[in-house]
Amino acid sequence: MAYFTAMQTQILPSLLAADFGNLAEESKRAEYAGADALHLDIMDGHFVPNISFGPDVVSMAKKTVKIPLNVHLMLSRPDLYLPAFADAGSDTILIHAEAECDVEAELIRIKEEFGIRAGITINPGTAPEIIFPVLKLVDEILCMSVNPGYGGQSFMPNVLPKLTILRQELKKQSISSVDIMVDGGINNKTALECAKAGANMFVAGTWLFGADDMSARITEMRDTTSNL
Ligand code: DX5
Ligand code: ZN
């Protein structure tokens, strides 16, 4: 039994797990398979130990698919790069609560200066209470279920109570339209646990791009997480 009335379920394949030799084809594969949006992981080699790709890949995806682009900035200084990622065609930009900038000001900027959706992200070691003051400024909340930096890691179940705490806090603040997303080690089984705890958006890299039939996996994940 779900604890909360779920917002609309969304399934987001993460391009980090795609074949980097065929990023346009892989983006189309996700769109044709029924993805609600494409998740793009931007890593600076400083906030996280890995480096992934930059605004040019976001521009490529914008030209290639019609589904929204959900851009997850794992950057120490996202404030320096917001214009580049907004201009590249991001539909949502997510920044981390742990970033080295005025996070509240940057969330306002994403919405007011660039006119796109804003998301706040917390790492597995960050308490959900840290972001209570900015919940009214965002369209979505991302709770990392692995330490960010790499695909293919194991799901960390300590995210589950955080999802419930955040869903409760949204209700307490009378905020009805904010999505809660999970990212890292998501497959059918872990997505179901997260849905029961309060998540409605599911990012999956390895589980979806690693499938021969991505469409079947997206359908299965949507059905599993919607019919609680
Ligand atoms: C991790 C990234 C994730 C990653 C998820 O730092 O934020 O989006 O692509 O990959 P999987 O689903 O393989 O854990
Ligand atoms: Zn991500």
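Out of 30, 61, 24, one residue alone is more than 24 Å from residue 108 (Cα to Cα) and within 13 Å of ligand 1 (Cβ to nearest atom). It is 30. A search for C-beta distances below 9 Å between a residue of the range 1-13 that is crowded, with 19+ Cβ neighbours inside 10 Å and any residue that is of a type in the set (Phe, Trp, Tyr) and at pLDDT 95 or above, counting only pairs 6+ apart in sequence or on different chains, returns 9/202; 10/202; 11/202; 12/202; 13/207; 13/209.
Can you find, within the range 207-228, the residue that is nearest to residue 153 (Cα to Cα) among those that are of a type in the set (Asp, Glu) and in a helix (DSSP H, G or I)? Step through it out loud before you land on a result.
As a first pass, look at the range 207-228 and keep what is of a type in the set (Asp, Glu): 212-213, 220, 223.
Remaining after also requiring in a helix (DSSP H, G or I): 220, 223.
Values: 220: 21, 223: 24 Å.
It comes out as 220.
Among the residues of the range 140-171, the ones that are open to solvent by 30 Å² or more (accessible area, probe 1.4 Å) and in a loop (DSSP other than H, G, I, E, B) come to 10 in all. Among the residues of the range 172-206, those identified as part of a helix (DSSP H, G or I), touching a residue at least 40 places away in the same chain (Cβ under 8 Å) and open to solvent by 30 Å² or more (accessible area, probe 1.4 Å) are 196, 206. All conditions in (1) within 16 Å of ligand 2 (Cβ to nearest atom); (2) part of a loop (DSSP other than H, G, I, E, B); (3) open to solvent by 10 Å² or more (accessible area, probe 1.4 Å) hold for residue 66, with the sole exception of (1).
Among the residues that make up the range 88-97, is at least one of them loosely packed, with under 15 Cβ neighbours inside 10 Å and modelled with pLDDT of 95 or more?
Keep residues of the range 88-97 that are loosely packed, with under 15 Cβ neighbours inside 10 Å, which gives none.
Looking through the range 88-97, none of the residues is loosely packed, with under 15 Cβ neighbours inside 10 Å and modelled with pLDDT of 95 or more.
The rows are residues; the columns are (1) in contact with a helix residue (DSSP H, G or I) (Cβ under 7 Å, 6 or more places away or on another chain); (2) within 23 Å of residue 138 (Cα to Cα).
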residue	(1), (2)
10	no, yes
18	yes, no
31	no, no
62	no, yes
70	no, yes
74	no, yes
84	yes, yes
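The values are calculated or read from the model by the stated rules, or taken from the named source; none is laboratory data. Owing to the predicted nature of the structure, the values given are computational and were not obtained by experimental measurement. Because the Cβ atoms are built from the backbone with ideal geometry, glycine has one as well, and the counts that use them run over all protein chains shown. Just so you know, the surface numbers come from the protein's heavy atoms only, side chains and all, with ligands and any DNA or RNA stripped out. Shrake-Rupley method; radii C 1.70, N 1.55, O 1.52, S 1.80 Å.
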